């Protein structure tokens, strides 16, 4: 097990390097650089870019005249030493901008992941054990609705309804009073009050599909001979399902765990943009649009790192749950 | 043990009473209401000995804020917090509101200049020397005196090769830079190589120049390589020299930054205790104690914040398409929507590249009849109805009608003529002009052929704006009209920054750009081809580089540039305005050089019901005249009981 983790860890290094090179090139593929984008932004937003004086001097200052490979090595050289460079748009060191956004992204992603599994597994079990019952039909209907609704649409509709009916503006992770205040119990409560909406919105799609998978798997397993044997032995139904059948049926759900991470991370990005949450998503989108290369590159690297770690954890969890997995 | 307990409980009691006392000590002990000459929070610090008294903090002859606008109610009480948002980490919208402390100011109605940090200024006879007399006793927000040293230091930096920013264009006459002299702390002399009558305007224009030339030498020295051997370059210097970001850098703004968090997502400002402006009663401004502003890049979240009543007063950052929603939410959100003037003359203007890359097209474009035909092919009423829901006015492309060049009756008459010039939608007239040019041969699809036998095909660049779709709608309407003229028109949406690159490098045939300009003396490029922009990129390049690059002007463009050169040499302001009118005459008679669609949209403002002294009307558009900062927003006040 130890060598397995070590091997996977070592393998992550070339993976991340490859990701960094490809993403750094792709970020800069469009014509023009950050300053051209900035001129265009000012013109689009305010009809005028005269506030941006001395463009050529800034270009030199940011090293945008250097060739691409040189910029890459400057950035990568700093990156491994923990210096991620400077964001052009925010005019701040990248590390000042990203850490609490990464933290909020993790909170929302992990929250939705937990929500997805906690909601999907019992519902799936219930659905399978009450197959073709009216409640199963109802849950099936709900899960299809949940799967086919895009998360951003759910978020937008929630915003409109919450405002129209209750007069509550749904956005951000804190109310105006706690925004920027130091951490306190009140602020934590405020965060939790705001957090459940994005967590559920991001988790809706995943919950619906996981529920269907859980139901299908369990139905498969329930038809197998060992379940009949268990029943014949006179075990109570709750033990038959809970201890024997679910134990087998849950394995695919854990291998899906690794795969559902990317969709949850990107799902949370879109929902964050709609709901105005302080996560990685909105600044990643802006930095890509603006060719704010060091910020975009660093964020993409961090997200990739999260994915690599998440995948590794999922694999370990699977190996732990299913003893048939070998490490070779 | 018992003793220890006793002592502990005594201590606790002391601490508690101490806390309680702190809470009891209210600011109401200090002069309040209209008799207070300074804010209670400052008066408190004066009695604590942390701040000199207000008389010593104000200049001998403080600047008195102007109140001669509709919407001014009364002098207000001190206190409160102003909540708002900004749209970009550099706080552009805030700088335009309260980041404007120039030597000379624009008047609020943009009809001319008025004193700022300088009490007065005068030119010598031939306009080659400008003398400014600074207000005595103005202080930076840390209490250090503001003197002529600041500008001298700035100009030194401009000339320093190691500092990346060169001298601004207005310092130079015929390519020769000016010399700056400071005979004493309150006199600033600029000597130019020739007449440079427009310099006072440049000193007043935009928030960007005054924030460059007002630089606190006493603070910035510590990052300067000549004064601190720790630094070898100006990177740290430049990083510290950002008044909107660095709380330690002294400023002249009414409110100084106290917190700049998470890349500008949360910014807090507090009143500058040394602010040099007072109200009519001689009370120090600003009235409002604190400002909290947060970065909201997503337009839909801005809408929600306003509807929720979280915003006290907001200039800029609202879209016209949300007007109905804002009006619907007025009551619930406890605010009022006001509509100022954007003064835009074309939203957007259709640019016809005078120096189009394709020679056959260029020859056609230089023919006035061709350009007139294109103008007749645009259904401006439809542009207004479809893209702007009928909220604008259809007209030819112009600069801002409220500009001071057109202030009198003659000017307005000329401007009306300009607005109407070739501004009708008339396909027959357009076709007749094209036939008259001899472009009568058509191909089997009905498109007209060029003299060389190829089909006339024009590519029109349309921005892929994620902010609004007006340009796309208008692009389609223009295309529809021009196709009826037998001219093949194709829309092209360049990715990323390619759109603006194609514009500045002159690689386009037809493109788009919103048009508004209040002062053509400092930003002449919509009318005079002085910069590589808009409808004249390559001729502008020629003028900008002094003839080194680009293409030399011919015909009307040559005359336009001659007129601009005359403006720069002309001592009489009235005559300068006349030259602008002469140039407009060239645009009417020999144009159009760029085409209009719809224009003059309202600019939205949100003002909470408890927020006072906001003008009812004004100009909120072009940046150069820095509105609303010229209306002295530091005299806005909050009725805290109703907040």
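Binning the alpha carbon pair distances of chain B at 10 angstrom intervals from zero yields the distribution 3, 14, 22, 24, 19, 10, 5, 2, 1, 0, 0, 0, expressed in whole percent. Across A:31, A:228, A:40, mean-square fluctuation computed from a Gaussian network of chain A (C-alpha pairs under 10 Å connected) peaks at A:31.
Here the extension length gained between residue B:436 and residue B:191 equals 82.7 nm, from 0.36 nm per residue of separation less the Cα-Cα distance. Nearest 0.05, what FRET efficiency do residue A:175 and residue A:91 give at R0 = 22 Å with Cβ-Cβ as r? In this case the efficiency is close to 0.15. Annotation for region A:170-232 versus region B:483-506: alpha-carbon center distance of 48 Å.
Every pair of different Cα atoms in region B:301-418 enters the Kirkwood calculation, which places the hydrodynamic radius at 17.8 Å.
All C-alpha pair distances within region B:275-354, sorted into 10 Å bins from zero, spread as 13, 33, 27, 20, 6, 1 percent across the bins. Taking every C-alpha pair closer than 8 Å and separated by at least 6 residues, the mean separation divided by the residue count of region B:410-523 gives a relative contact order of 24 percent. Convex hull volume of the Cα atoms of region A:105-262, normalised per residue: 146 Å³. Taking the longest Cα principal axis of chain A as reference, the axis of helix A:185-222 is set at about 50 degrees. Normalised by the number of residues in region B:468-609, the mean separation of alpha-carbon contacts (under 8 Å, six or more apart) gives a relative contact order of 14 percent. Looking at region B:121-193, the pairs of alpha carbons with a distance over 14 Å make up 64% of the total. With both labels modelled 7 Å from their Cα along Cα-to-Cβ, the residue B:74 to residue A:149 distance reads 5.2 nm.
As a ratio to 2.2 N^0.38 Å, the alpha-carbon radius of gyration computed for region B:177-231 takes the value 1.44. FRET efficiency for the pair residue A:313 and residue B:325, taken as 1/(1 + (r/R0)^6) with r the Cβ-Cβ distance and R0 = 41 Å, rounds to 0.35. Measuring nothing but alpha carbons in region B:562-643 and taking Rh as the Kirkwood radius, the Rg to Rh ratio lands at 1.18. Counting neighbouring Cβ atoms within 10 Å and putting the fewest first, the residues B:73, B:48, B:590 line up as B:48, B:73, B:590. Principal axis analysis of the Cα atoms in the protein assembly as shown yields extents of 112, 102, 58 Å, listed in decreasing size. The reciprocal of the average 1/r between distinct C-alpha atoms defines the Kirkwood hydrodynamic radius, which for region A:111-179 equals 14.7 Å. Taking the Kirkwood radius as Rh and the Cα radius of gyration as Rg, region A:232-328 has a ratio of Rg/Rh equal to 1.22. For region B:191-325, the relative contact order comes to 12 percent (Cα pairs under 8 Å, sequence separation of at least 6).
The smallest convex shape that holds all Cα atoms of chain A, its convex hull, gives 195 Å³ per residue.
For chain B, take the longest principal axis of its alpha carbons; what is the angle in degrees between that and the long axis of helix B:555-569, to the nearest 10 within 0 to 90? Once rounded, one gets 30 degrees.
Mean residue ellipticity at 222 nm, helices only, chain A: -24500 deg cm²/dmol; runs of at least 4 DSSP H residues each add -39,500 (n - 2.57), and the sum is divided by the number of residues.
When the inverse distances between all different Cα atoms of region B:209-286 are averaged and flipped, the Kirkwood radius reads 14.1 angstrom.
Our compactness index for region B:372-500, the C-alpha radius of gyration over the empirical 2.2 N^0.38 Å, is 1.23. Between helix A:251-275 and chain A there is an angle of about 40 degrees, using the helix long axis and the longest principal axis of the Cα atoms. Were the residues from residue B:35 through residue B:505 laid out at 0.36 nm apart, the gain over their Cα-Cα distance would be 163.2 nm.
With 12 Å as the cut-off, how large is the P(r) tail for region B:384-441, expressed as percent of Cα-Cα pairs? Roughly 74 percent, once rounded to a whole number.
Beta bridges per DSSP, both residues in the protein assembly as shown: antiparallel share near 80 percent. For region A:286-328, the alpha carbon convex hull comes to 76 Å³ per residue, rounded to a whole number.
Does a label point 7 Å from the Cα of residue A:16, set along Cα-to-beta-carbon, have any residues of region A:65-81 with amide nitrogen under 19 Å, and which are they? From region A:65-81, the list is A:72-81. Mean-square fluctuations from a GNM of chain A, with a 10 angstrom spring cutoff on Cα atoms, peak among A:267, A:186, A:111 at A:186. The convex hull around the C-alpha trace of region B:237-392, projected and averaged over every direction, spans 16.1 square nanometres. The modelled label-to-label distance for the pair residue A:259/residue A:25, using points 7 Å beyond Cα in the direction of Cβ, is 2.9 nm.
Separation of region B:385-447 from region A:86-144 is 55 Å, based on Cα centroids. Stokes-Einstein diffusion of region B:478-571 at 25 °C, 0.890 mPa s viscosity, Kirkwood radius from Cα pairs, rounded to a whole number: 165 µm²/s. Run lengths n ≥ 4 of DSSP H only: what is the helix-derived mean residue ellipticity at 222 nm for chain B, with -39500 (n - 2.57) per run over all residues, to the nearest 500? Dividing the helical sum by the residues of chain B leaves -9000 deg cm²/dmol. Using a simple spin-label model with pseudo-atoms 7 Å out from Cα toward Cβ, residue A:103 and residue A:134 lie 5.0 nm apart.
Read-outs: derived from the displayed coordinates by stated rules, not from any lab. All values derive from a computational prediction rather than experimental measurement. Positions of Cβ are generated from backbone atoms using ideal geometry, with glycine treated the same way; all protein chains shown enter the neighbour counts.
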